[in-house]
Amino acid sequence: MRLRSKAILCLAAVLASSAGCRRGSPPARVLLVTLDTLRADHVEGAGPAKAETPSLKALAGRGVAFREAYAETPVTFPSHLSLMYGRTAHTLGNYNNGQILPPPPLTSLAEEFRAAGYDTAAFVSLGVLNRRFGLARGFDLYEDEFPDDRWYLDASEVNARALPWLDRAAAGKFFAWIHYSDPHDPYAPPDTPDDLDLVLNGGPIGSYSLAKYTTVDVPLALRRGRNTLVWKIRNLFPARPDAFLARFDRLEILSGTSGVGQPVFGPGWEVRTEDGIHFAKEGAVMTIEAAEPRSVRLVFRGRPVWSVEGVRAMYRREVEFLDRELDRLWAKLDELALWDTTLVVVAGDHGEGLGEFVSAAGEPHIGHIHYLYAYYLRVPLIIVDPESGARGLVRDDPAVLLDVFSTVAERAGFRTGRRQGRSLLGPPAPPDRDLFSATFRPEAAHDKFALRRFPWHLILTPGQGKLEAYDLRSDPEEYRNLGGPDGIPGEARPLQPILEERAREILFKKTEIRIDKKAEDMLRALGYIK
């Protein structure tokens, strides 16, 4: 981890010159923007990037970008809970998506701002943040309605709700949280072309998008006798020439009447009996017998099976679409002349694996939740403070999402109380600051705990008796595990008892996790449950 001495001295001077003003002049407006599943290495403004993000780069030019910012967990709801409450989610009784949060003993940022006379509003784009799970506390307005066929919104749909609210609220004091989830699976920006045609008895039925992973409900007019339904799939990134092109986790015929037989899956299909997943090749054929002409409904939800290179290409497209929509948000702040009176904080909630690591099943891992490597935890974090003279500053000291609460609270003049973060407006953290992270069953395959203290990163999986150790100086991507039968390198051993004690303490207090049927269905529709 590098510390830019000139930048840090500059920052110290800026902080010293504006500290009194910050304490005496709370911001009239605060805008918190969270970017779900956005990896730090795809964002310009704090170093080389794998995607083009000029809007985020321009935002970083207005304030301070943190190169070494990390989530405490690679899971959406718990990670946002840390942001809003300034404590790790497990200390508040939350471990996974789909849990209903018990009333916390602390106030959230939204509750603090509402008590201080601010209008409060939230605009969320993913079903795991639905109000029923508990993050709506303190918000006067909590926009969490979703279309019938999916549990997510794209950034243009979020802006369609959030930007008019900014027009109405601009004259007063407000705290607004805008949540975008475009880089989240399914990786399919709005201009993604349809990739499935259905043909019934030789006639076209319609075109659909598997990439967008929506629930599709198609009326079929069956004739008497055998009906043949052909699935014409256009996969832009097939994993292999002979691979299946798509997988379906829901596929059924709803007739509401007798006289219609169960569909027969012919050439091009394979059904995995243990979980009912249907795999299809191009031109897969389904037949349906009907005693008389009948109208039925075909209901399905599926996705293309892409190569790792295809996944990475579509993830990048998602990031770049998001960045264009963020430019519309920045333009709205320009239009309303809000930059000089608004504290803006932009943060990712966790990262994403894009095939860098191999799962227990031997497949490249795509997604998050299960692992605690840097690709899953390092996030973009940018703070634009109108009271600060810092412009275009990049900091290399370690930060965590817990720090967001303390930073905003200090700036607004709230008491931080029993919060676990530190204000990022103060002196830089030491480069060897301890950063803890965790992920939990049943969403994760295993309870895992990690301790990052530069230059070491230790990852403990108690259920497997496994301790990994990575030397970040020579292996920043964490590909070479130095733990083994003989233990970990001597230089890293002082960290082991700290991590083990933390894991014991958390597991001892962990409560049984219950997720109701509605939440389970939503998690399945979002790809969390395969």
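Read-outs: derived from the displayed coordinates by stated rules, not from any lab. Computed from a predicted structure; not experimentally measured. Cβ sites come from the backbone with ideal geometry, for glycine too, and all protein chains shown count toward neighbours.
Identify the residues of region 112-140 with backbone N under 19 Å of a label point that sits 7 angstrom from the Cα of T416 along the Cα-to-Cβ direction, or state none. From region 112-140, the list is 112-113. Taking a ≥ b ≥ c as the square roots of the Cα gyration tensor eigenvalues, region 83-133 comes out oblate, since a/c reaches at least 1.5 and a/b does not exceed b/c. Sequence-distant contacts, meaning Cα pairs under 8 Å at least 6 residues apart, place the relative contact order of region 448-509 at 27 percent. Compute the distance from the alpha-carbon center of region 477-530 to that of region 191-246, in whole Å. When both Cα centres are located, 39 Å separates them.
Tell me the Kirkwood radius of region 448-509: reciprocal of the mean inverse pair distance over distinct alpha-carbon atoms, in Å. Hydrodynamic radius (Kirkwood, Cα only) of region 448-509 equals 11.8 Å.
Fully extending the segment from T228 to R272 would add 13.6 nm, taking 0.36 nm per residue of separation and subtracting the current Cα-Cα distance.
Classify region 131-224 as rounded, prolate or oblate, taking a ≥ b ≥ c as the square roots of the eigenvalues of its Cα gyration tensor: rounded when a/c is under 1.5, otherwise prolate if a/b is larger than b/c and oblate if not.
Since a/c reaches 1.5 and a/b is larger than b/c, the shape of region 131-224 is classed as prolate.
This model, with +1 at the C-beta of Lys and Arg and -1 at the C-beta of Asp and Glu, gives region 448-509 a dipole about its Cα centre of some 240 debye.
Each Cα pair of region 196-304 feeds into the Kirkwood radius, which the Stokes-Einstein equation turns, at 37 °C and 0.692 mPa s, into a diffusion coefficient of 231 µm²/s.
In whole percent, what relative contact order does the chain give with Cα contacts below 8 Å and a gap of six or more residues? Relative contact order of the chain: 23 percent.
Given R0 = 35 Å, the distance between the Cβ atoms of K50 and K517 translates into a calculated FRET efficiency of 0.35.
Count the DSSP beta bridges whose two residues both fall in the chain, then state the antiparallel fraction as a percent rounded to the nearest 5. Once the DSSP bridges in the chain are tallied, antiparallel ones form about 75 percent. Annotation note: GluC sites (Glu not before Pro) in region 268-305 located in DSSP loop regions with a Cβ neighbour count of at most 14 within 10 Å are E274.
Placing +1 on each Lys and Arg Cβ and -1 on each Asp and Glu Cβ, with no other charges, gives region 196-304 a dipole about its Cα centre of roughly 240 debye. Its residue count N fixes a reference of 2.2 N^0.38 Å for region 358-495, and the Cα radius of gyration divided by that reference is 1.22. For a straight C-alpha distance cut-off of 18 angstrom, the lysines reachable from K466 (same-chain residues fewer than eight places away being disregarded) are K448. Our note on the geometry: Cα centres of region 362-425 and region 114-178, 21 Å apart. Report note on the peptides 190-201, 395-406, 134-145, 116-127: ranked by the mean count of other C-beta atoms within 10 Å, highest first, their order is 395-406, 116-127, 134-145, 190-201.
Partners of K50 within straight-line reach, counting lysines whose Cα lies under 22 Å from its Cα and excluding those fewer than 8 residues away in the same chain: none found. An ellipsoid equivalent to region 39-133, defined through the eigenvalues of its Cα gyration tensor, has semi-axes of 28, 18, 13 Å when rounded to whole angstrom and sorted largest first.
Using just its DSSP H runs of length 4 or more, each adding -39500 (n - 2.57), the chain gives a mean residue ellipticity at 222 nm of -7500 deg cm²/dmol after division by all residues. Calculated translational diffusion coefficient of region 302-385 (4 °C, 1.567 mPa s; Stokes-Einstein with Kirkwood radius over alpha-carbon pairs) equals 84 µm²/s. Relative to the longest principal axis of the Cα atoms of the chain, the long axis of helix 155-169 lies at roughly 50 degrees. Fully extending the segment from R168 to R132, taken as 0.36 nm per residue of separation minus the present Cα-Cα distance, adds 10.3 nm.
With bins 20 Å wide starting at 0, give me the P(r) of the chain over every alpha carbon pair, in whole percents. Reading upward from the zero bin: 21, 52, 23, 4, 0. Using only side-chain charges placed at the Cβ, +1 for Lys and Arg and -1 for Asp and Glu, the dipole size of the chain relative to its Cα centre rounds to 740 debye. The gain in end-to-end length when the K510 to V264 segment is fully stretched comes to 83.9 nm, 0.36 nm per residue minus the alpha carbon separation. The value of relative contact order for region 286-393, using C-alpha pairs under 8 Å at least six residues apart, is 25 percent. Since only V344, Y371, F244 are under comparison, the one whose Cα sits farthest along the positive direction of the charge dipole of the chain, derived from C-beta charges on Lys, Arg, Asp and Glu, is V344.
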